[in-house]
Amino acid sequence: MSRKIHIFDTTLRDGEQVPGAKLNRRQKLEIAEQLAKLGVDVIEAGFPCSSPEDLQAVRSVAEQVKGPVIAGLARAVPQDIDIAWEAVQKAERPRIHVFLGSSDIHLQKKLRQDRESALQRAVDAVRYAKKYCEDVEYSTEDASRSDFEYLCRVVDACIQAGATVINIPDTVGYAIPDQFGELILKLKETVPALDRVRLSVHCHNDLGLAVANTLAAVRNGAEQVECTINGVGERAGNASLEEIVMAIRTREAFFDAHTDIRTTEIYRTSRMVSRLMNIPVQPNKAIVGANAFAHSSGIHQDGILKDRSTYEIIRPEDVGIKAHTLVLTARSGRAALRHRLKELGYDLTPEQFERVHQRFLNVADRKKEISSQDLNSIVEIELSKVPETYTFESLQIMSGSTMTPLASVTLMKEGTAFTDAATGNGPVNAVFNCIERIIGQQGTLRDYDLKAVTMGKDALGEAMVRVEIGGAIYSGIGTSPDVIEASARAYVNAFNRFFANSH
Ligand code: KIV
Ligand code: ZN
């Protein structure tokens, strides 16, 4: 039997540190339930001392999600550890995850502490956490830029203090695969106590090497890998769970290792995280991108038709992407829509289905065929809607190369229609100004992204905005065959998030 690699998912902690991707308690629970279905070994549910809301969210995950170990992060200070324990103690299998910098850069510039006192602090923190919890993970933050001798001393001391998992992070994504693999090998050779605990790695993607570094570590003895769905995370992100898992599975003999992930749940999990965090997945993203299994050149298509193995190393169905036979149009009935939604992995409540059906009809009236990607976009946007203080109703635009664009927009609030008009330096800007006039609240557009969901002239447009409202960033997403309408829907969605947050 090959070695089991434990999958530690930190989408809800490191992943959630992406600006604008903050999740509320209900959303964290929804993702955590799905991660349990996916079969991850550990869910790091949050950083409980970061806010009272996160403490509550981690506590809910610990109480309700069965199967995986539930971990809460803490700095190496008693107060953080107290709060982390408060959050995870009701889990079937709780873990406290303590971290402290080990590189001279972190010690001198951030912590302003010398090596010896930091080492003592690490040991004290592990002992303190151990009073609460049997399972204590210790992370040597910025390990890849740490002095090797010192790193070994910290690792050994923390194991003697009772740590059950030692995690070696490449916090700033500085490592190179050969070098990182060698670091793991040398650590194992130099610190014999590592045989008694689980050795973990945690890689960031600043040089685009997070997955490669993680796999190099696996080859050299790491038994736990820390990763996130879609690779979301600080800056350039964390190592992507789906890429690591499918690399190990596709090249099992090479790695002589396996994971317990139910790979057919990968696609559904990826869509859910993208929808709830409002972070689109790039089309060419390995494993879960829209083009990951699309063959466009004639030579490739010919090969695929003769035998799929000519150009495919993973079957789409192995990651939960199904082939479809039905073409959906405005005349497709509810049964056909229901069937396709099921194929795509959506398990909607009757109320959610009604909303999706209404929006499907509205889009299908203006577009010949509704593809699976269109449907994904429609469902995800409908499901990510927060309680709608305002709903988009309609808009008109007057625009041209020699005139100032003028927009008129109608929004509904509690059954009443509100219409206003405004100009702008472009049609989208005029619409946004108009929405702000109706709502009576200013927003500053920080990011605006528009993409076609599918190819072709009648493609569905998907707009994504990040808007600063009242000092915080809110993201919004909207879809429509009309790109200005998609933008308006996204802008209203961002304001609805603001209102949902202020209540
Ligand atoms: O990147 C990092 O070092 C971390 C630690 C807290 C594990 O996220
Ligand atoms: Zn990290």
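Side notes on the structure shown:
- Estimated distance in nm for a label pair at GLU116 and ALA236, the labels positioned 7 Å out from Cα along Cα-to-Cβ: 3.9
- Packing-based ranking, highest mean first, of 271-284, 473-486 given that Cβ atoms within 10 Å are counted: 473-486, 271-284
- A 1.4 Å probe run over the chain, with the rest of the protein chains in place, finds 44 Å² accessible per residue.
- Rounded percent of accessible protein surface that carbon and sulfur make up, the chain, 1.4 Å probe: 50
- A probe of 1.4 angstrom, applied to the heavy atoms of all protein chains, finds ILE176 with accessible area near 80 square angstrom.
- Rg/Rh (Cα only; Kirkwood hydrodynamic radius) as it applies to segment 175-289: 0.99
- Average projection area in nm² (convex hull over Cα atoms of segment 250-408, one quarter of hull surface): 14.5
- Exposure of LYS90 as accessible area (Å², to 10), given a probe of 1.4 Å and all protein chains: 130
- Within segment 104-171, the proportion of C-alpha pairs whose separation exceeds 20 Å stands at 23%.
- Estimated D of segment 373-423 in µm² per second, where Rh is the Kirkwood radius over Cα pairs and Stokes-Einstein applies at 4 °C, 1.567 mPa s: 98
- The simple spin-label model puts a point 7 Å past each Cα toward its Cβ; for ASP318 and GLU393 those points are separated by 5.3 nm.
- Protein-only accessible surface at a 1.4 angstrom probe places the residues GLU182, GLU382 in the order GLU182, GLU382, largest first.
- Ellipsoid semi-axes for segment 117-241, based on the Cα gyration tensor and the rule √(5λ), read 23, 16, 13 Å when sorted largest first.
- Rg [Å, one decimal], Dmax [Å, integer] - the chain, C-alpha atoms: 24.7, 76
The values are calculated or read from the model by the stated rules, or taken from the named source; none is laboratory data. Only a predicted model underlies this, so the values are computations on that prediction, with no experimental measurement involved. All Cβ positions, glycine included, derive from the backbone under ideal geometry; neighbour counts span all protein chains shown. SASA here: full protein model, heavy atoms, side chains in, ligands and nucleic acids out. Shrake-Rupley method; radii C 1.70, N 1.55, O 1.52, S 1.80 Å.
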